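See structure below.
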Amino acid sequence: MQASYDERVCSRCMGHRALCGVRPCPLLMRAKALAQIDDAFKGNELVGASPPSLFIGETGYPKVLAGPLVPPVRVDEAPLMERPDLWLDRTIDEILALRFSLVRTKKLMPVDAAVDPPRDLAETQTLALSETALNSEATLLKKPSFTTVFSDRTLPIGPSAPLDIFRLEDEPRVPRVVDKVTSDTDLKAVGGVMDLFKGGIRQEHITRLLSVGVLGQRKMRKLVPTKWSITAIDDTIGRRLHRQVLRYSSINDYLVSIDQALGNTVAMLFYPGGWQFEAMESWLGGLNPTIINDYEFGKGRKDYAKDVVGAYYATRLPALEYLVRIRKQSGVIVFLETDPQQWIPLGVWRFREIAKRALDRGVKRFQSMDEATAEVGKYLRNPVQRWLAKSRLYQEHRNQTKLSDFIE
């Protein structure tokens, strides 16, 4: 495919705008081949095991297209289709084959239907509660077809079709904390999210609960587009952990943690001082790849990270989780580098999971910023000095006056 990767053609096109000028879209053809939907689907009856998974669109808000994601066959791999934390060692084609096998069923609904849901939405909400795959049946109005398959924030999805009727065949297996939080119609959504997080519920599970409108005070419950829910959960949990981190003392050393997967490198640098955070991203291509960044100081952000967008919140959260775990405070700079030759739009989960795995594998300790940045530079193809010249927090750290400056 002749496409300008520097301009992120694929991520802007999402497989349906033909921005590269190639028809039919190579990515959609690849999706069809991987999913083999045409061979597996017969008639308008869709029978399969949902991971569980669902998707709420954003177009037309406050009326949105909502419905469960169901593969056209009963498969043992269904639970893996919604577990991005287990995908880092898989190939991109393996991931796409899993996700493209999910048929997105959709029905137009007002977002406030979550308060008193019609039967199809009630069944979808029940599906969202479950931590295990559920056998289900859906009657569609027409055969599924591929249109948009990629998004900058959400997981890839397979073909879509308008939904007539959706039915669950199994009883959901609901974790106790999920049942408690979703049944409490006086509990605000933020409190519910934190209870779920502290209760060990996986992030993608919390996201779908928010998205399908089963969190919060009863009269305030609404369907939330999946794309918005992902960043909302990252940001909500991050803000609460940020409050905790501000109570801790600073680290003394410079810490570096790095990992790579799926064409992406995530390098995290923790340095002594109060909480600050910066995420920088570079899309490799050309002699001098552009570096974009967003950052915050001790009090956090009030506005949206408009340049790095969802990846900002997806990497800030693991950094805060790590600091809470070690009960310390620090400044953090995250370097995100993407190789377009190995990349395809998979959503911001990849940055979050790569960052988490890097920190789980441990950190390297250094005595100076120069040593720490030199270590980071070993893993980046864009020269580290170009990153540091762009970094607001690095310049702030270098130029800030220290007590030792006054001692001869």
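List of remarks:
- Qualifying position, being within 20 Å of Arg83 (Cα to Cα) and polar (S, T, N, Q), among Thr154, Thr185: Thr154
- Those strands (runs of 3 or more DSSP E) of region 234-316 in which 3 or more residues are over 22 Å from the mean Cα position of the chain (by Cα) and touching a residue at least 60 places away in the same chain (Cβ under 8 Å) occupy 254-261.
- Hits in region 279-291 (condition: crowded, with 16+ Cβ neighbours inside 10 Å and either among the β-branched types (Val, Ile, Thr) or touching a Cys at 6+ places or on another chain (Cβ under 6 Å) (or both)): Ile291
- Within the option set Val334, Val376, being assigned to a helix (DSSP H, G or I) and closer than 15 Å to Phe270 by Cβ holds for one residue only, Val376.
- The sole residue among Thr132, Thr105 that is part of a strand (DSSP E or B) and of a type in the set (Ser, Thr, Tyr) is Thr105.
- In region 222-233, the residues that are surrounded by fewer than 23 Cβ atoms within 10 Å (Cβ to Cβ) and either touching a Pro at 6+ places or on another chain (Cβ under 9 Å) or without any contact (Cβ under 8 Å) to a residue 12 or more places away in the chain (or both): Lys222
- Failed item, numbered, when Thr182 is tested on (1) part of a helix (DSSP H, G or I); (2) within 22 Å of Val348 (Cβ to Cβ): (2)
None of the figures in this text is laboratory data; all of them are computed from the coordinates on show. Quick caveat: nothing in here was measured; it's all calculated off a predicted structure. Cβ sites come from the backbone with ideal geometry, for glycine too, and all protein chains shown count toward neighbours.
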